[in-house]
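Chemist: So that we are looking at the same thing, I have put the structure below in C-alpha cells.
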Amino acid sequence: MIGMALKLLRDELSDYVFRNRRPGDSITQDDIILHNIALMDSDNQGDLNNKVVITLVNTEEESTLKNRSNVLKTSNGVKYIEPPVFLNLYILISTTLGQDLQDAYEFALHRLSIVVQFFQTKKSFTVKNSPFNTISNDTNIPEEKKDEIRLNVELYTLTFEQINHLWGSLGGKQVPFAMYKIRLVKIQENTRTIAPVIEEIRNDSFVNKNN
C-alpha cells in the first residue's frame, strides 16, 4: 500500500511538473521518480542527476486511530480481525542538479517551485480524483484496495538542526528540497477468524452440596 500511495503521487506530480516546466527545461515525465536520494553520489547512480526524486524518509503510526475494536459483527456471527494500521508517511522531494552547472541550479529551484505549487493546488488524493495515475488501469490491484487510497498531503517544515541531521544521515550533498507529510495510508492483512452466532448458553458447572 505504501508503494501504491507514492506511485499515485508520483504519477500526478509527473504530469504537472512536465506541463509547467520552464522554457528550455529538458525534464520529461520519466524524470520524476521514486528513488533513494541517499544513493545520489554513488558511482552507479548517475541517473539521479537532473531529476525530481521522491524518497520515503520516515513512517509513523497515526496514534488517534490506534485503539480500534477487533470485532466485526455480521449476519452470520462475528469476525475477529486485527484493526488496520494507519500510517503517516514523510517524503522528501529533491530536485537534483544536471551537468550544466550554469543553469542547473535555476532549473532545480524552478522545479521545486512547481512541486510546492502542485501540492498547494491539490492536497487530497484518491484514485478517482487523480486522472493521470496508472493504478486505476492495473487489473492486478483489487478495486477494494484502490478505493482505500485516500491521501492528504501537507508541507512539513524542518528546523535547521533537523535539516542538518537529515542530510547527514542521507550521506549526500544537500540539494533543493521540500518535505511533505502524507496522511493516512491504511495497511491491513486480509486474514480473519469467523465465530458463529451464539444461539444457546449452557451452564455445566456442578455444585457440590455435600457438607
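The values are calculated or read from the model by the stated rules, or taken from the named source; none is laboratory data. In this text the structure is predicted, and so the values were computed from the model without any measurement. Cβ sites come from the backbone with ideal geometry, for glycine too, and all protein chains shown count toward neighbours.
Chemist: Only one residue in T126, T121, T134 is closer than 15 Å to K7 by Cα, out of contact with any helix residue (DSSP H, G or I) (no Cβ under 7 Å at 6 or more places or on another chain) and among the β-branched types (V, I, T). Which one?
Modeler: T126
Chemist: Moving on to the next point. Could you list, ordered by first residue, the pairs with Cβ atoms under 9 Å in which the first is in segment 1-19 and free of Cβ contacts under 8 Å to residues at least 40 places away in the same chain and the second is not in a helix (DSSP H, G or I), at least 6 apart or interchain?
Modeler: What qualifies is G3/L34; F18/I27; F18/T28; F18/I32.
Chemist: May I pose another question? Considering each of F160, F125 in turn, give the residue that is without any contact (Cβ under 8 Å) to a residue 40 or more places away in the chain and of a type in the set (F, W, Y).
Modeler: F160
Chemist: Restricting attention to segment 142-165, which residues are modelled with pLDDT under 95 and closer than 21 Å to I32 by Cβ?
Modeler: Listed by number, the residues that qualify are I149, L151, N152.
Chemist: Among the residues of segment 175-197, write down those that are at pLDDT 85 or above and either under 18 Å from L56 (Cβ atoms) or not in a loop (DSSP other than H, G, I, E, B) (or both).
Modeler: The answer is V175, F177, A178, M179, Y180, K181, I182, R183.
Chemist: Search segment 36-53 for residues being surrounded by 18 or more Cβ atoms within 10 Å (Cβ to Cβ) and either among the basic types (K, R) or assigned to a loop (DSSP other than H, G, I, E, B) (or both), and hand back the single one that is nearest to the chain's Cα centre (by Cα).
Modeler: Here the residue is K51.
Chemist: So, one more: Contact list please: Cβ distance under 6 Å, first residue in segment 131-143 and of a type in the set (F, W, Y) and surrounded by 10 or more Cβ atoms within 10 Å (Cβ to Cβ), second residue modelled with pLDDT of 85 or more and not in a loop (DSSP other than H, G, I, E, B), pairs at least six apart or on different chains.
Modeler: From segment 131-143, the pairs are F132/D11; F132/E12; F132/D15.
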